[in-house]
Amino acid sequence: MTTTSASQPPHPHQIVHFGRLPRLPLEEGEGGTREIWTASVPGLDFIWQLKLLELRGPTATLRAPSHMHQLAVGMSGPQVLAGPVKRQLPLRRDQAMLVRSPTTVFRRPRLRMAGASRVLVLTFVSDGPDPTFSFDTLSGTASLPADTRAVIVLEGALDLAGDAVPSESALIVAPGAPRPVVDGHARLVILSLDDSTVAVAETP
């Protein structure tokens, strides 16, 4: 199971800093991935996994187990096309794209090769409710929705019980714990996923 770097706060939730995660080379394509979090159950490799794709070449392919689908969010850098093997569509910044396939292909037009294209990718089991990514701007104090599993800070920062959740990091919400209350000024991506019917073991 993948191991990632996470802080150990006094509350049950986890704060993961992207810059501290190891960059793993792509098996198919130029660039790499940083694995943010994995939630698993006995008998399955995982039920969902969140990673950051950094694409530096013209194409990349992410392959998951056959019972998985993928959800991609454009983060930054040159625009990419994304989708299953036979068809890719433009994936714009701050846009979520659901790919009902275990294989997702990413392509960049050759005239847009400067810098890395960064895409947030969620891989999840296909026989449950579809997860969603939503975009929000927080200014002040808020309680996260009940089905929130992760909050990705794109800009600004959050405060969680005295712990900072800075830009380029993720707040991973512990399953079954009271909903966290956050404070700050930040642009966010919120991952919502109902995995309450499954006994989840989290792997930081």
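So what are the ³J(HN,Hα) numbers for the stretch 163-178, from phi and the Karplus equation (6.51, -1.76, 1.60; θ = phi - 60°), rounded to whole Hz, Gly and Pro as x?
Running phi through 6.51 cos²θ - 1.76 cosθ + 1.60 with θ = phi - 60° gives 9, 7, 10, x, 4, 6, 8, 10, 9, 9, 8, 5, x, x, 7, x Hz.
Across 10 Å bins from 0, what is the distribution of all Cα-Cα pair distances for the stretch 21-125, in whole percents?
Distribution as computed: 16, 52, 27, 4, 0 percent.
Once log10 I(q)/I(0) by the Debye sum over Cα atoms at q = 0.08, 0.10 Å⁻¹ is worked out from the coordinates, which option in [x] -0.30, -0.46; [y] -0.34, -0.50; [z] -0.25, -0.40 does it equal?
Computed from these coordinates, log10 I(q)/I(0) by the Debye sum over Cα atoms at q = 0.08, 0.10 Å⁻¹ corresponds to label [z].
Provide the gained length on full extension for the span Arg63 to Arg187, in nm with one decimal, where the gain is 0.36 nm per separating residue minus the Cα-Cα distance.
Extra length from Arg63 to Arg187 when fully extended: 41.7 nm.
Top mean-square fluctuation among Thr141, Thr123, Thr104, Gaussian network model of the chain, C-alpha springs under 10 Å?
Ranking Thr141, Thr123, Thr104 by mean-square fluctuation puts Thr141 first.
Multiply the residue separation of Leu98 and Ser167 by 0.36 nm, subtract the distance between their alpha-carbon atoms, and state the gained length in nm to one decimal.
Fully extending the segment from Leu98 to Ser167 adds 22.4 nm.
Residues with amide H under 5 Å of Ala96's amide H, sequence separation 5 or more or different chain, H placed in the peptide plane at 1.01 Å from N; which?
Residues meeting the amide H criterion: none.
Distance between the C-alpha centers of the stretch 13-46 and the stretch 154-175? Whole Å please.
Cα centroid of the stretch 13-46 versus Cα centroid of the stretch 154-175: 18 Å apart.
Working out 0.36 nm times the residue gap between Val41 and Arg179, then minus their Cα-Cα distance, what length gain in nm do you get to one decimal?
Contour length minus Cα-Cα distance gives 47.5 nm.
Read-outs throughout are calculated quantities, based only on the coordinates presented, and are distinct from any laboratory measurement. None of the values given here were measured: they were computed from a predicted structure.
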